[in-house]
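The values are calculated or read from the model by the stated rules, or taken from the named source; none is laboratory data. All values reported here derive from a predicted model rather than from experimental measurement. Ideal geometry is used to build each Cβ from the backbone, glycine not excepted, and the neighbour counts take in all protein chains shown. Ligands, DNA and RNA are stripped out before the accessible areas are found, and what is left, the full protein with its side chains, is counted by its heavy atoms. Shrake-Rupley method; radii C 1.70, N 1.55, O 1.52, S 1.80 Å.
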Amino acid sequence: MFKLNLKIALRNLWKYKGYTAINVFGLSIGLASCILIFIFVRYQTSFDQDYANGDRIYRVVSFWKYPDGNEFFSQGVPQPLPAAVRNDFSQFEKVAAIQQSGGIIKVRALPGKAEIKKSEQVFYAEPSFFEIFDYKWLAGNPNQSLIAPNTVVLSEKAANNYFGDWRKAIGNTINFDNQTDFKVTGVVKDNPQNSSFALEIIFSYASFSTKYSKNWGSVSSSSECYVLLKKGIQVSDLTKPLQQFLNKYENDKDAPGKVGHIFQPLKGIHHSDDFGNFAEKYMPYKQIIGLVIIGLFLLLTACINFINLATAQAISRSKEVGVRKVMGSRRKQLVWQFLSETALITFIALLLACVLSELTLPKMENLFGGDVSFSLFGHPIIFVFLLGLLVVVSFLAGLYPALVMSGFSPALAIKNKVAANAGGIGLRKTLVVIQFAITAILIIGTLVVIKQMSFIRNKSLGFDTQAISLVSLPQDSLSQLKYNGFKERLGAVKGVKSISFCSAAPSANSNNETSFTYNSSKSADFQANVKVVDEAYFKTFGLQFIAGRPLSKSDTIKEFVVNETLIKKLNVKDPNEVIGKIMKIWGGTGPIVGVVKDFNNYSLHEKIAPIAIFSRKTRYTSVAIKLDVAEMGNTMKQVESTFNTLFPDFVYENNFFDENLKGFYETEQIMGTLFKVFASVVIFISFIGLFGLISFVATQRTKEIAIRKVLGASNLELIKMLNSSFLWMVLIANMVAWPVAYIFVKNWLAGFEYRIDLSIWPFVFAMIISMSITIITVTLRSYRAAKANTIDALKYE
Amino acid sequence: MIELKNIEKYYANKGVKSYILRHVTTSIKQGEFVSIMGPSGAGKSTLLNILGMLEEPTYGEYHFMGEDVTAMKERQRIELYRNHIGFVFQAYHLIDEMTVAENIEAPLLYKKIPGAERKSRIADILDRFNMVAKKDLFPNQLSGGQQQLVGIARALVAQPSIILADEPTGNLQSAQAEQIMDLFKKLNQEENITILQVTHSEKNAQYGNRILTIEDGVIKEDVTVK
């Protein structure tokens, strides 16, 4: 029976090749998109899942509440905190401090291997870190390898890199920052791609220079602390001890902000909006949910297509239903027969979808800059998903048509008297309206995303971003002596317009906030974002003054420049009023000499912070070079060689400023692209469906059309008649879509502090697009119907 | 075999009842060959549909092989289809996507007859109808008469006790029609299969041994053919 049904199904599919192609193609595109979304979501939700004690691992993070309502979050903790936590909390099995840092790694030349000199990210970790996280150790173990000072554990990859083979690494040394030699005492397996820890070089915590720091007042995002809860302890049990802990150590009455800590579960790290992580990969749940919703939309539109086409086609199968029924087929058997036909189509579509997604996977990897590899069959869960997809789609798409078709009365079916609207024309219309509503929502969403992204790209940030290169500076005292010489030599390079030493560009990932006093001995009730720069900074980045003048040349704190937001927060109306007032930051005192126009110091997601700008030679981390666009390539080569002659022990690193800025919106870029792609897929599927439906309607109304023609209707009138019902549906769909899209889009835009005004145009435009595509599709198809020979249609009866 | 008592069928439309059948009472015995005749719209087809349980009477009693059809559940009715009733249609109603052999096989599948027996029965009947060479053709590759032969073969292969035929020769030319009617007669006489046909043709009606004439939903005549 099954075999025969399968054969019949295939023959039927072949007989209605056009419909089958539409069905299979629409479905497979939808399914392929779903598969891609699934692979993406699986990857994003798989972060940090593979540790044995994962459920009990928490990260201690910090936040500050300010009197003005602002909140500030940091993934770091004060450096003395881990030791204090270990001492005061009985609820933790293990506590581990881990410190992120960076510097020059040097590995001596080995036989057959050149010397290695590289700027690398390094970590100082307590042995307990590896008791909390069960890394696989290829050599050594946490309790021996990371105890003594000046020992280092390498990842397999790093060890292979430095010594050719990790087996040769043990006992060898690597040099850090031209100062200390570290002995390799252990090798651990590499972190997987889906890890929030990019640990390659791990020094023993005992080697960390400020390991005994007692400074509770300063928090760096580089100092993280992890705890392993004892079995049976809940995070909620920690509220009271944490309060006592805060009172004991961190009740600084003078600090402007009130500090607090949160125990953040390990599995939340990758999805956290407020806190970063070492691997700098994160994906908020909001975005994942957004994608899943798009996936469901896709699936729904594809299924609606299927239902529409299948019910439309049902009439042609009615005779078969009738005959089968009088031969003794039960309704249940017919339902299964039709369902298995749907399953067959779905299966074919799924195979095609696998091919399509395999083809697009490299594109998706590119989207992530190639640091992720996706594979269709790398994870067994994919098979479960595919199987689930097959079952769900078969039922979702097949059940209704199967119930309709199997429900035909045999007496009517045999006489071909099943009413043409047997499939419930009302239902079919509703489905089309839903489909178009989804399409319209996505069109609107895509338009708004595109607009906002171009707004971000083109918005003036208040400073120059083009043709500025940032070169990292070595910061040891010996190198600092060479800064002036470096500057002179750079100034002589052709194509360099201006040079500035600074701690950070106007807008940067690395930010430093600190308390200050203004015109009094008391700290202001908010903190200022500080930028430590030399006198050329303002010219290099094109910052504009609204009062006063730039800093004059100085190697120490002597004068201050502030931004508009800072004086607004101080409740000063006239910028000229602050000129000459005395400020004190980091123990340095001096007058304010200038006020700069506000510029965006964070990404456009966030508000502009109050900023204080001053000079202090010892804090410069990079040199910003404004270049002549015409000679950029040449100039940069010379800059590099100058750097290498002056600082031979260091590694030349250079970034273009505008590239850095793009990095702020990486998530948006990725999501924006995915959004655009999947929206076009939905639009495409919907219109395929529309075409199928109008073809069917046209065929069905052939006789009506013929009669109308005999009665004297013109082709144009007939096309108008066929168009109007569809246009109404599209209109209603748009009306449904507008409020829904408005809510979605409004929410998305709310994530940007600087955003476009939501106008009516994307909505109107969505309607125009959907309407015109409808008209084109329907007219194309109905023209053929209207032109058809009248006699052919009326002959048969 | 079939007992009809006071069968009525009407459609109520805005309170007005339009009758299709009125007070139809009759019985048909095993082995009879009955022709139902009458003008268009008299209710012949409706009566046949009721007999074939494709439609339900509005009122009245219907016993098939001693069982009350009106009280039957869907499941029991389907069992009757599988084991006792074979249908032959004016428009043949072969399944277009199935070959001749597959069309004939279909009812056997529903009867859950094992594969080997299915094969032999199909081979048998194809042989009997001289259609072995055509077994892999599709219906649209056959002439009308051949299609109707397949239709009858399909009805017969499940070995029913009664065949219900709605104008089985209505779409056929006279030579082919004669062939079909001869076949019916032979089946009736040699295999004692009850046959009930609706027909317009006086000539075809003569093949049977009893004629029911219906006019305006009422049985006007019930004559036995000599």
Elements of type strands (runs of 3 or more DSSP E) contained in the range A:590-660, each with 1 or more residues being closer than 17 Å to residue A:561 by Cβ:
A:611-614, A:622-627
Filter the range B:56-78 for residues that are open to solvent by less than 70 Å² (accessible area, probe 1.4 Å) and within 11 Å of another protein chain (Cβ to nearest Cβ); the one that is nearest to residue B:17 (Cα to Cα) is B:77
Output yes when any residue across the range A:189-211 is touching a Gly at 6+ places or on another chain (Cβ under 8 Å) and surrounded by fewer than 16 Cβ atoms within 10 Å (Cβ to Cβ), and no when none is.
no
In the range B:140-173, anything under 16 Å from residue B:130 (Cα atoms) and part of a loop (DSSP other than H, G, I, E, B) is listed as B:142, B:143
Which condition breaks for residue A:273 when tested against (1) in contact with a Phe, Trp or Tyr (Cβ under 9 Å, 6 or more places away or on another chain); (2) touching a residue at least 40 places away in the same chain (Cβ under 8 Å)?
(2)
Of A:671, A:729, the only residue that is assigned to a helix (DSSP H, G or I) and either at pLDDT below 85 or out of contact with any Phe, Trp or Tyr (no Cβ under 9 Å at 6 or more places or on another chain) (or both) is A:671
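Yes/no matrix, rows are residues, columns are (1) among the aromatic types (Phe, Trp, Tyr); (2) within 14 Å of chain B (Cβ to nearest Cβ):
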{"site": "A:3", "(1), (2)": "no, yes"}
{"site": "A:23", "(1), (2)": "no, no"}
{"site": "A:28", "(1), (2)": "no, no"}
{"site": "A:32", "(1), (2)": "no, no"}
{"site": "A:38", "(1), (2)": "yes, no"}
{"site": "A:44", "(1), (2)": "no, no"}
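Only one of these is closer than 18 Å to residue A:785 by Cβ, buried (at least 22 other Cβ atoms within 10 Å of the Cβ) and not basic (Lys, Arg): A:716, A:690. Name it.
A:690
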All positions within the range A:1-55 that are surrounded by 20 or more Cβ atoms within 10 Å (Cβ to Cβ) and hydroxyl-bearing (Ser, Thr, Tyr):
A:28, A:33
Which fully enclosed helices (runs of 4 or more DSSP H) of the range A:1-89 have 2 or more residues being modelled with pLDDT under 85 and of a type outside the set (Lys, Arg)?
A:2-15, A:17-45
Scan the range A:213-266 for residues that are open to solvent by less than 20 Å² (accessible area, probe 1.4 Å) and in contact with a Phe, Trp or Tyr (Cβ under 9 Å, 6 or more places away or on another chain) and report the count.
12
For the range B:128-184, name all the residues that are open to solvent by 80 Å² or more (accessible area, probe 1.4 Å), within 13 Å of chain A (Cβ to nearest Cβ) and modelled with pLDDT of 90 or more.
B:136
Among the residues in the range B:197-214, are any β-branched (Val, Ile, Thr) and farther than 21 Å from residue B:39 by Cβ?
no
Which one is nearest to residue B:30 (Cα to Cα), of the residues in the range B:97-113 that are facing chain A (nearest Cβ under 8 Å) and in a loop (DSSP other than H, G, I, E, B)?
B:111
Anything in the range B:185-205 that is in contact (Cβ under 8 Å) with a residue 60 or more places away in the chain, farther than 24 Å from residue B:9 by Cα and surrounded by fewer than 18 Cβ atoms within 10 Å (Cβ to Cβ)? List them, or say none.
B:185, B:192, B:202
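Take the residues in the range A:726-760 that are hydrophobic (A, V, I, L, M, F, W, C) and free of Cβ contacts under 8 Å to residues at least 40 places away in the same chain; name whichever of them is least open to solvent (accessible area, probe 1.4 Å).
My answer is A:750.
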May I ask you to verify whether residue A:356 is more than 14 Å from chain B (Cβ to nearest Cβ), surrounded by 17 or more Cβ atoms within 10 Å (Cβ to Cβ) and more than 30 Å from residue A:667 (Cβ to Cβ)?
no
